[in-house]
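Asks: One structure is given below, represented as structure tokens, and several questions about it will come after.
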Amino acid sequence: MYSQQVMDHFINPRNVGEIEDANGVGTVGNAKCGDIMRMFLQVKDGVIEDVKFKTFGCGAAIATSSMATEMVKGKTLVEALKLSNKAVAEALGGLPPVKMHCSMLAEQAIKAAIENYLKRIPGASRTMEEAAIVEALEREPVMQEA
Amino acid sequence: MSDRIYLDNAATTQVKPEVVAAMTPFFMEIYGNPSSVHGFGRETRKVVEDSRGKLARVLNASPDEIYFTGCGTESDNWAVKGAATRSVKKGKHIITSAVEHHAVLHTCEALSKQGFEITYLPVTEQGIVQPSVLASAIRSDTTVVSVMLANNEIGTIQPVTELAAIAHEYGALFHTDAVQAVGAIPVDVKALGVDMLSLSAHKFHGPKGIGALYIKKGARIDTFMHGGAQERERRAGTENVPYIAGMGAAIELAAANMEETARRVQGMRNRMIDGLLERIPDTRLNGDRERRLPGNVNISIRYVEGESLLIALDLAGIAASSGSACTSGSLDPSHVLLAIGLPHEIAHGSLRLTLGDGNTEADVDRVLDELPRIVTRLRGMSPLYADAVALMRG
């Protein structure tokens, strides 16, 4: 039922673990539904220098988390925010329809971690770009952990 | 990697070679329609009646109380709907339990849309339907009570004899879904006191696509499948002769070896349960420890999700199943695990391993070796586990 790429990311997940001194952490999903994703970011000069994840969930949840970290690593925050769940699913060679929500969760987890990073910067110290992102994220809040 | 091992015998079982041998002649050599008058027909009629006799002997029923159906689900549908619609003059109240198979639950849901009232009996933490709970739910307008003999997920064996007696005090018919029980434990329709009992061949090393319904003489239920005069005009359709032959052979084999097989399988089951609970922290057994099918192991492993456990086990060559939502295609985990009071997040981490005749002690060793490793790996990725560890460290 899963593509080769999904199986590969399930067996050998990339960037699994935690970043001790992460400056952005986001958790989405809830245990009641059976999926929780937590993303850890190390951002420097607007670039995601390192990213790691921890996920409780099915094979697709683990694989989409892994793929999402690969897709945002080394990217600027603006680029990372453009990551769509469809792009994650496509990069994995597709997902079964019932598992598309896993890719949604991965997209949301990245957004939640970026939002968390930006909120740690005092409002006055944010660049115009960062301020614009915070404003945009506040208009469309991500699904935080229930 | 060594050979794959099959630990999903509650889903289906391997057909035994003796069963295949019993079926084979009825495709090309002996192919008449049992309803035909000529010799071709008489030959297949004989095997149909032989198989009926074998089922009747094992169940302690009379042959004319055994009706062949297409599967266990058909038997459940026929029993519950047939009894409900036949007894509308008495009432429209049906009682079942919260842990039934979907073949009964969804049948009841369909009946509720047609104006029947359904009561779903709650179960204990071990998954048992207490007779006192039935006694307080039953009414004068109750017409059917349907409670399974053994649960397909957690293996709990119900006090069917006591439950059937209560149903009869109120003039209701009692049906039991014995699909998981027949072939695994002794099933005697007279000792149980049931009016109807469903069974399915592929759960006891017979072929898929053939089942039976026991209907006690005098129990009046409506016909479900209309057409020809087959099965004493109660279940129309040309008899599936090769499969009926296979079911007859399978029930005979199961009955002949039942005691020895059950003892051996139960020994492996106990070793697996004890070994897993000992080797994997934060794990619980679901279902009753004693009143349990010989081959059923069902555990919940905290902080990990069932589907990822299944995939990891499958990659290690071990076939199992889970009550997690991700394996059912719905958002909710198993209704059985929720009915025994498990919170969603623990139900999501459930794992069912069902042993059978074909398993060996080496299979148990393999699970005891592989599963703890898989759990450690998945817990290492789990934010829930990280939070729990952090909480414990303070």
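Asks: May I ask you to list the residues in region B:312-342 that are surrounded by fewer than 19 Cβ atoms within 10 Å (Cβ to Cβ), part of a loop (DSSP other than H, G, I, E, B) and modelled with pLDDT of 95 or more?
Replies: Once the filter is applied, which keeps residues that are surrounded by fewer than 19 Cβ atoms within 10 Å (Cβ to Cβ), part of a loop (DSSP other than H, G, I, E, B) and modelled with pLDDT of 95 or more, region B:312-342 yields B:ALA316, B:GLY317, B:GLY341.
Asks: Considering only region A:84-115, how many residues are crowded, with 20+ Cβ neighbours inside 10 Å and either touching a strand residue (DSSP E or B) at 6+ places or on another chain (Cβ under 8 Å) or in a loop (DSSP other than H, G, I, E, B) (or both)?
Replies: Within region A:84-115, residues that are crowded, with 20+ Cβ neighbours inside 10 Å and either touching a strand residue (DSSP E or B) at 6+ places or on another chain (Cβ under 8 Å) or in a loop (DSSP other than H, G, I, E, B) (or both) number 13.
Asks: Here's a follow-up. So for region B:79-90 (the condition being under 30 Å from B:PRO343 (Cβ atoms), modelled with pLDDT of 95 or more and in contact with a helix residue (DSSP H, G or I) (Cβ under 8 Å, 6 or more places away or on another chain)), does at least one residue qualify?
Replies: Pass one, region B:79-90, residues under 30 Å from B:PRO343 (Cβ atoms): none.
No: zero hits.
Asks: Still on this model: So for region B:307-320 (the condition being more than 14 Å from chain A (Cβ to nearest Cβ) and under 19 Å from B:HIS101 (Cα atoms)), does at least one residue qualify?
Replies: Scanning region B:307-320, I find at least one residue that is more than 14 Å from chain A (Cβ to nearest Cβ) and under 19 Å from B:HIS101 (Cα atoms), so the answer is yes.
Asks: Among the candidates B:ASP369, B:ASP357, single out the residue that is closer than 30 Å to B:GLU259 by Cα, acidic (Asp, Glu), in a helix (DSSP H, G or I) and away from every other protein chain (no Cβ under 14 Å).
Replies: On the way: B:ASP357 fails: in a helix (DSSP H, G or I).
Within the list B:ASP369, B:ASP357, the selection yields B:ASP369.
Asks: Follow-up question, since we're still on this one. Quick check, is B:ALA245 touching a strand residue (DSSP E or B) at 6+ places or on another chain (Cβ under 8 Å), of a type in the set (Gly, Ala, Ser) and under 21 Å from B:ILE66 (Cβ atoms)?
Replies: On the way: touching a strand residue (DSSP E or B) at 6+ places or on another chain (Cβ under 8 Å): no; of a type in the set (Gly, Ala, Ser): yes; under 21 Å from B:ILE66 (Cβ atoms): yes.
Criteria not met by B:ALA245.
Asks: Which residues, taken from region B:14-65, are within 15 Å of B:ILE210 (Cα to Cα) and in contact with a strand residue (DSSP E or B) (Cβ under 9 Å, 6 or more places away or on another chain)?
Replies: B:GLN14, B:VAL48, B:SER51, B:ARG52, B:LEU55
Asks: What number of residues within region B:298-311 satisfy the criterion of being assigned to a strand (DSSP E or B) and free of Cβ contacts under 8 Å to residues at least 60 places away in the same chain? Talk me through it step by step, then tell me what you get.
Replies: At the first step, the residues of region B:298-311 found to be assigned to a strand (DSSP E or B) are B:298-301.
Next, from what is left, pick out any that are free of Cβ contacts under 8 Å to residues at least 60 places away in the same chain: B:299-300.
Number satisfying all stated conditions: 2.
Asks: Kindly list, by first and then second residue, each pair from a residue in region A:73-84 that is more than 9 Å from A:GLU107 (Cα to Cα) to a residue that is of a type in the set (A, V, I, L, M) and part of a loop (DSSP other than H, G, I, E, B), limited to pairs with Cβ atoms under 9 Å and residues at least 6 apart or on different chains.
Replies: A:LYS75/A:LEU83
Asks: Please specify each residue of region B:150-173 satisfying the condition of being in contact with an Asp or Glu (Cβ under 7 Å, 6 or more places away or on another chain) and either under 19 Å from B:GLY341 (Cβ atoms) or without any contact (Cβ under 8 Å) to a residue 60 or more places away in the chain (or both).
Replies: Taking region B:150-173 first, the residues in contact with an Asp or Glu (Cβ under 7 Å, 6 or more places away or on another chain) are B:156, B:173.
Selection gives B:THR156 alone.
Asks: Could you list, in sequence order, the residues of region A:57-77 that are over 25 Å from B:ASP332 (Cα atoms), outside any helix (DSSP H, G or I) and not polar (S, T, N, Q)?
Replies: Passing the criteria: A:LYS73, A:GLY74, A:LYS75.
The values are calculated or read from the model by the stated rules, or taken from the named source; none is laboratory data. The structure presented is a predicted model; accordingly, all values stated were derived computationally and were not measured. Neighbour counts are summed over all protein chains in view; Cβ atoms, including those assigned to glycine, are modelled from backbone coordinates with ideal geometry.
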